[in-house]
Every structure is written in C-alpha cells, then in structure tokens.
1. Yes or no: segment 386-395 includes at least one residue that is touching a Ser or Thr at 6+ places or on another chain (Cβ under 7 Å), crowded, with 20+ Cβ neighbours inside 10 Å and either assigned to a loop (DSSP other than H, G, I, E, B) or in contact (Cβ under 8 Å) with a residue 24 or more places away in the chain (or both).
2. State all residues of segment 224-244 that are open to solvent by 50 Å² or more (accessible area, probe 1.4 Å), closer than 16 Å to T210 by Cα and of a type outside the set (G, A, S); if no residue qualifies, say none.
3. Condition first: in contact with a Gly (Cβ under 8 Å, 6 or more places away or on another chain), under 25 Å from V491 (Cβ atoms) and buried (at least 22 other Cβ atoms within 10 Å of the Cβ). Now tell me which residues in segment 322-346 satisfy that.
4. So which residues in segment 379-426 are closer than 18 Å to L483 by Cα and in contact with a Lys or Arg (Cβ under 8 Å, 6 or more places away or on another chain), if there are any at all?
5. Scanning segment 298-316 for residues that are of a type in the set (A, V, I, L, M, F, W, C) and open to solvent by 40 Å² or more (accessible area, probe 1.4 Å), which turns out farthest from Q287 (Cα to Cα)?
6. Residues that are of a type outside the set (K, R) and open to solvent by less than 50 Å² (accessible area, probe 1.4 Å), at least 2 per element: which strands (runs of 3 or more DSSP E) completely within segment 419-515 meet that?
7. Taking the condition within 19 Å of R471 (Cα to Cα), touching a residue at least 60 places away in the same chain (Cβ under 8 Å) and in contact with an Asp or Glu (Cβ under 6 Å, 6 or more places away or on another chain), does P432 pass?
8. Please state which one of S106, S120 is more than 18 Å from V167 (Cα to Cα) and of a type in the set (G, A, S).
Amino acid sequence: MNLVRVYQRFRPVQLQNLQFFNRCSHFNRHCSSNAVPRNLPKAVSQRAWERSQEAGTVSYGQPMPATHPHLLQDGDLLPGIRLAEIKARRRALLELTRNYAAANLSRDAKEHLIIIPSASKKYMSDKIPYVFRQNSDFLYLSGCLEPDSVLTLELDGAGNEHCVLYVRPKDSHAELWDGPRTGVELAPEVFGVDRAANVIDLKANLTQYTFAHPSGTIWFDEKACNLDDVRRIVADVGKQNTVRSPAGLVHKLRVIKSPAEVELMRKTCQIASEGINRTMGGSQPGQSEHQLFAKVDFYCRMAGASYLAYPPVVAGGSNATVIHYINNTQIVRDGEMVLMDAGCEYGGYTSDITRTWPINGKFSEPQRMLYQVLQQVQKELLVCLQNKGGETLDQLFDTMCLKIGKYLQEVGLIARSLKGLDLARAAYKFCPHHVSHYLGMDVHDTPQISRSVPLAAGMVCTVEPGIYINRQRKDVPEEFRGLGLRIEDDVLICPDGKIEVLTESCVKDLHQIEALVGSHDC
C-alpha cells in the first residue's frame, strides 16, 4: 500500500471533517491542566471548569497563573505585570488621544478608533519558524502573546470607551500543530477587554465603523504593521476617514516605566550583568568569539531570560573597531581585548550592556591608558544626567564629545590647540555614535520620543561612550591602532535628580576586571 497516496486522499476529507467538527462540537479542545485554576475567569464557574475538563475544552494561548505558577502570580497577565495595569495603560492611551485631539485637531474630531496589530509568525524556511516575538506596542496594551491578533480602542463622541480584541478562533487541527489558542470565548476575561471577536471579522466591523462615523479619526501605524491583511483592510476602510499614527502617543506612555516595569528592568539587567561577569571569569586566550557568545547566552537563559535581546557584539582585537560587528567568528589571541555588547530579555523587558576586557587578564599600557580615559568619561557622564550638560540625551552626547576630546588631548591623541566645536568634531572621529538611547521593552526603545526631551523620573537609558581606532588611521601612534573600547550601563532616572545604575553589578573597574578575567573555568 502506498501510504503517501492514502494520506493525500484522506487529508482533504480530514480537514473538511475537522472544520465541521470545530463548528459543531466543543469536544476537540485541549486541556492543559487537571487542577482548578486559582485565578479562574469569572465566566467559567467551578462546575463549568469540571465539565470542561471532562470534555477537554479549556486551554490558553499563553502562560497563565494556573498553568505556569513558576512564572506568574495570581492577578498577573504577564510576568510581573498585572491585568489591572494593562487595562490602566489602555485608559491612559485613550485619555492622551482625547487631550491631543482637543489641542491639535478640529473641534469635530471627537470620535477615534485606535488599531494596534500584533506581530505575525515569520519563517526562516519552509515550515521552520523564527522564534516568535510579539509587537511591543500591542503587548504593552493587550498583554496578549498570540500572533495574528488586533486590538481596537474606540472613543465615541460622548466620551465612552470600548475595547475589542480580535483573535484567532479555536481550531483543533491548528492547535495540534502549534499549541493552544485562547480563543474568542475566553479572551474577554483573560485580557480584560469589553469584547472579543474572530479576527476574520475585523474588515466587516471596521467597514461598519467608517460608515457609522464618517468624521471619525482612525489611528493606525502602517509602518510598524507586518500583518498584510490588516494593512490592506485599514487602507480600504480609511479612504473616507483621516488616518494618523498612534505610535507617538503610545511611546509617550511607554517611555515612563511603572514600578512593576522598573522591577522587570532591574531583573533583566541583573541577569545580563551576572552573565557577562561569568563570561569574563571564564575567558582565556585562544577562545573564539562564538564561544564567548555561547557562554553569555547560556548564562542568561539559565538565569531565566527568554533569550538575548539582540545579536551580541563579541569582538576580539581590531574587530572591536567595527561598532556593529556581529560575525563573532574569529579567535581571540593573547594580548587582545574583547568588546562584548550583550543584553537579554526577561518578562518582555531588555538590558543592554557593553564591557571591554583583555582576554589574558592583563591590560597592556596602550589598552590601560585608553580604558582609564573611557572609564573616567563614563563616570563623569553618569554624574551629568539631569544636570547641566546632561538634562537631555542629546546634551549628554555633546558633553561626551567634549570630554573624550579633552582626555585624548591629555594623552596626546588629539592636538591641544583644538577647542570647542573643533575639539568635539575631532573626538567624534574616535566615537562616531550617540552616547545614549532609551531602553525598555525594546533595546532602542520608544524611537518616537526625541532624545532632546528633558529626562524624567521613570525613564531608563544607556550611557555608552566608546573609543575606536582602526588600523588604517595614521594620525595616532601605531600602538593605539586597532584598539576598540566601549563601556555601557543601563540607568534608571529617579526623582530629585538621582539615578540608579541598573547594571552596577557588572564589573567594569579596571583592577576588578584584571582580577576577574580567567579566574575560573567555565
């Protein structure tokens, strides 16, 4: 018997039966636990839960306190983030929208529909997916980790608010391959929305909205949307309505971290700091950049991180002069330094740290001289935050250029005759990148927020001066050519002009680094 032919003949019939079965029966649902959840949605009673266990009907598309008590506590929708906070974010966005419209739009602009799409699944090759990562704005406002979903927030002319989450329906065949879905029925209680609907109903509902509210404003960020169907739907229904991007308003909320978010930032920074420390401790000449990459990845994951927050830079020797070097394929030889730029993601929040160290545990004199300059510059920049020269990230960048220029003059790498703007330009040739960016759910977080706005309590940013001297430069002594260094820490802006260095535990003192490197086998 040819089993392939049997499969090909049987599968269309099987799929038709499954689709019919999905429409007509609840008995194909997957049960994730036999225990009664501690945080059972109100819509599911004790007896209903017991019946669902018998029929195999209750499952969720993401971890819940009942199914993953090691990750979430009662009341949490995401690790460390309670459902109440997610709902408060949605209310805050609608309030921002109302205030923005009153100040910047016409008097008639009182009806608004905000459309926030999720991410979609992406594939590296046929049927082989990349690790799924949710769209940050969608996750921030919905708490939903499932792909191919859409959140809509409506503000009507009377000031009433309405929230709908469009999700994939239950589908036993799809869930057999890809795991459970929360589904339309459970989504309102799980995600705290007014209503849930099948995502295929989005077009009909948006069309109905535009006819009923021809003067309504639609808020949709087309550039950030990777759901092609949603982009086409909004383009079609938005022809008779004004369409604006909500990204600036969402990022205005996201840039200020709540107490719960601050705790997650502390955790992700602590994990990455320890991971880099352990990687330094096990460093020795002859290791490859790839091996060092593997070590920091391993240590972060074993401490609870989901994965590294970005492809890390692990640059030995002159590779460190390539700012975004991520090949990580070379052997690090005795006498060379390693520049490692790595961070991790924990609970949806990211860290971003850079450390530079000698692979043999001993700085050479040129290496030591540049490292001491860089360490002093970073120390002074941390003091500048929220003060003169560091009230904004752009001001901090200008301050960095002048400070690097000043200290490189003292060690003879920049002419002493240069001053002011000329000195800053000379220093920029040694560090041609910004000194800081915002940090949070994304590594380069809230890009809609200008780096020229005043720093405020609750913001998290990096402070990352560097010095890079490629081998082709002829305007510096030969012993400095091919050296690249960067020191980067993550900083929480606190009230009253204070700061908290979230990555303080990641070793950066020159003498402590020399004592740590190679101190243990890994």
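The values are calculated or read from the model by the stated rules, or taken from the named source; none is laboratory data. Worth saying up front: this structure is predicted, and the values here are computed from it rather than measured. Cβ atoms come from the backbone with ideal geometry, glycine included; neighbour counts cover every protein chain shown. We work out accessible area using only protein heavy atoms, side chains counted, and drop any ligands, DNA or RNA first. Shrake-Rupley method; radii C 1.70, N 1.55, O 1.52, S 1.80 Å.
1. Here is the first cut: in segment 386-395, the residues touching a Ser or Thr at 6+ places or on another chain (Cβ under 7 Å) are 389-390, 392-394.
With crowded, with 20+ Cβ neighbours inside 10 Å added as a condition, the list becomes 390, 393.
Checking which are either assigned to a loop (DSSP other than H, G, I, E, B) or in contact (Cβ under 8 Å) with a residue 24 or more places away in the chain (or both) leaves us with 390, 393.
There is at least one residue in segment 386-395 that is touching a Ser or Thr at 6+ places or on another chain (Cβ under 7 Å), crowded, with 20+ Cβ neighbours inside 10 Å and either assigned to a loop (DSSP other than H, G, I, E, B) or in contact (Cβ under 8 Å) with a residue 24 or more places away in the chain (or both).
2. R231, R232, D236, K239, Q240, T242, V243, R244
3. In the first step, residues of segment 322-346 are kept if they are in contact with a Gly (Cβ under 8 Å, 6 or more places away or on another chain); the result is 322-323, 330-334, 336-339, 342, 344, 346.
Cutting the leftovers down to under 25 Å from V491 (Cβ atoms) gives us 323, 337-339, 342, 344, 346.
Result: M337, V338, L339, A342, C344, Y346.
4. Q409
5. Of all residues in segment 298-316, those of a type in the set (A, V, I, L, M, F, W, C) come to 298, 300, 302-303, 305, 308-309, 313-315.
Checking the rest, the ones that are also open to solvent by 40 Å² or more (accessible area, probe 1.4 Å) come to 298, 302-303.
Numbers: F298: 16, M302: 21, A303: 23 Å.
Ranking the candidates gives A303 first.
6. In segment 419-515, the matching strands (runs of 3 or more DSSP E) lie at 460-463, 466-469, 483-486, 489-493.
7. Values: within 19 Å of R471 (Cα to Cα): yes; touching a residue at least 60 places away in the same chain (Cβ under 8 Å): yes; in contact with an Asp or Glu (Cβ under 6 Å, 6 or more places away or on another chain): no.
Answer is no for this residue.
8. Values: S120 fails: more than 18 Å from V167 (Cα to Cα).
Exactly one of S106, S120 is more than 18 Å from V167 (Cα to Cα) and of a type in the set (G, A, S), namely S106.
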